[in-house]
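Data block below; observations after.
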Amino acid sequence: MSQEGSQPRPPGGRPGQARADWRAKPGKPTPGVQPGRQAAAWQQRGDRAYQSAVRWYRIKLAGFSLAALALVALFVWWMFFRPRIATFFAVAVIDYGTSVPPNAWAREDVERLADIGIDRERIAFFRKFDHLQVATDASAFDDLRDAILRPPATFRRRDTVVVYLSLHGVADEHGMPCLLLPTSSPYDSKTWVPLVEVLRRLFPASEPNTPRNKLVILDCNRMDSNWRLGLLYNSFSDNLEKARLEADIPGLVLLNSTSPGQVGWTSPEQLQGSVFGFFVHRGLLGAADQEEPGNRDNRVTVRELAAYVTKHVRQWVREYRGDEQQPMLIAPEEFRDFTLGYAKYRGETELPPRVDLLGEKALAWSALGELWDRHAQLYKQAPWASDPLGWEEFQQKLLWLEQAALAGPAYQPAFDQAREEAGRLADRLGRSVGQGVFGCNLLLALRGREAAQLDKDRTYFRQAWDKVPGKFDPKFAATCRRLAVAKEAWDWCRANPVPDARWDALLHYVEAARPESPADPQPPVPPLLEVHFLRLLRAHLDPEVVRANADVVRTALAVRHQAEQAATPFDPRVQYAIQPLVDRGDA
């Protein structure tokens, strides 16, 4: 468009030309105003209107130009200079079984962190992983790695990533930090996955989509010691700096939940999660930017988050646990702080109210109380003598159940399953005490019986036997307990070493006596070794020779009694030391 068409026209017609007069000749311009002569009023009004239109036209043109420049500048800033918020990935592993303590409140911590991902103006993206791939090495983290390296939906490159790992952490024989997988054996360090391999797997140097800034948050110090696993001191935190250097990953920063020699505490009664996880969540919401040393620029950075979490975790653990827990930032010396997300904190500084755990967990405590009562009853019967591994497993399940009851709602299914297994174990241990020992000796069979009840049963049988020695009464035999009768028979025969009809009556009583409990085997049953020895003597010794050599039979019975005592120590572990001697004695 020409300039004439884009500029406003003066009242006289075309710019710079007077309007033609019908009385004048065509083409002759109208004389202008002479110098020093004032123009007419109608001409002055026309000039002012023209000048105002030109002025507004220039103002609008300048405004549009400035707006366009501002938009271009904003686009350039948005594309190249805007702080890039992080993408979050969280992993919580709790399906370890009962061989290791629960990874308490791990899944609840991740669920709480997921709230941050709802607001895309705070962080770019959030994804959680409740399970890992079934593997025995770092390939278990392949799903997580693929999610990290997958290009984002936008055309911008993923620049910052945060990975939150909540697993059990241990140290191998070289002192290097490792992670326990659900497929790992807590007793075999070859099945543990070194942290260095996990980091290299997640952030491969050859992959072009690997983010530049990487923050790995480790909540892996829930065990400080575990004697059952041979873990006297958990040195997972001791060599994290060495592991970072060995991984040799540019831009990698680690934030660990504890310092060396410390344990990561949980708070089921107030924070409903781990102390570290709770304050990481609150810091990412914006509290880390609002409190010192935060600069209140509405951005949460790595250093601000580490300072906030360290301050509040240390303070809470000191006040409520009387212990020390100080999170630790492991970063290069030339580390350049980077933004994790935008702060939208609303000023919430109060801690949550405390929870009544006794009322909330009433059913769990009741179930545990019943199992501990059964433990007390079984303990009187020394079940470890007949089933030491079963007894140890039962005790360990009880201890694990106490921990799982306070490990968070995510452990409720595992708690119910372990409680049922513990109940079945208690039933099996109750049946094993005295059951199956009728192929063993009398001392082992009596070990699971209460002394008071045994004395009562022996007195009941002895009084009837002393009235009519040598007489067998089947009806009376059915009212006597088998082990009490066997004990009386053995003691009476040792005191009266001449086999006769009274021996026969006692052996009949042992066979006809009722079992100790309905779970015990019914007749016919394998005889006790002492009872079997009496039968051998009765069947194969010549009565005339025995009468003439009663002392020899008494000595044989005494030696048999001492041999069974030596073969049945009170502590079953002694058996490994004395077994060669017992075998030579039997030979």
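The numbers here are math on the coordinates, done by the rules we state, and not lab data. Please read all numbers here as calculations on a predicted model, not as lab measurements. Neighbour counts are summed over all protein chains in view; Cβ atoms, including those assigned to glycine, are modelled from backbone coordinates with ideal geometry.
Full extension from L358 to E420: what is 0.36 nm times the residue separation minus their Cα-Cα distance, to one decimal in nm?
Details: separation 62, 0.36 × 62 = 22.32 nm, distance 2.15 nm.
Here the answer is 20.2 nm.
Which shape class applies to the range 437-586: rounded if a/c is under 1.5, otherwise prolate when a/b exceeds b/c and oblate if not, where a ≥ b ≥ c are the square roots of the Cα gyration tensor eigenvalues? Please list the in-between numbers first.
On the way: a/c = 1.91, a/b = 1.08, b/c = 1.76.
Oblate is the answer for the range 437-586, as a/c is 1.5 or above yet b/c matches or exceeds a/b.
Near L378, within a Cβ-to-Cβ distance under 14 Å, what is the net charge of the other residues, with Lys and Arg +1 and Asp and Glu -1?
Numbers: positive: R374, K380, K397, R424, R428, R431, R447, R449; negative: E370, D373, D387, E392, E393, D427, E450.
Here the charged neighbours net out to +1.
Check each of the trypsin sites (Lys or Arg not before Pro) in the range 383-472 and keep only those in coil by DSSP with at most 16 other C-beta atoms within 10 angstrom; list them in order. Don't skip to the end; give the middle numbers.
Working: sites: K397, R419, R424, R428, R431, R447, R449, K456, R458, R462, K467, K471; in loops: R447, R449, K471.
Here the sparse-neighbourhood loop sites are K471.
Within the range 292-372, which GluC sites (Glu not before Pro) sit in a loop by DSSP and count at most 15 neighbouring Cβ atoms inside 10 Å? All intermediate terms of the calculation are to be shown ahead of the outcome.
Working: sites: E304, E319, E324, E333, E334, E348, E350, E360, E370; in loops: E324, E333, E334, E348, E350.
Counting only loop positions with at most 15 other Cβ atoms within 10 Å, the GluC sites (Glu not before Pro) in the range 292-372 are E324, E333, E334, E348, E350.
Note down the net charge around V196, summing +1 for each Lys or Arg and -1 for each Asp or Glu among other residues with Cβ under 10 Å from its Cβ. It would help to have the intermediate numbers written out before the result.
Numbers: positive: R200, R201, K242, R244; negative: E197, E246, D248.
Result for the neighbourhood of V196: +1.
In nanometres, what is the gap between the two model label sites at D504 and L454, each 7 Å from Cα along Cα-to-Cβ?
Each label point is offset 7 Å from its Cα along the Cβ direction, giving 3.1 nm.
Report the relative contact order of the range 141-244, percent, no decimals, based on alpha-carbon pairs under 8 angstrom and at least 6 residues apart. Present the calculation step by step, with values, prior to reporting the outcome.
Details: 153 pairs, mean separation 37.5, N = 104.
Normalised by residue count, the contact order of the range 141-244 is 36 percent.
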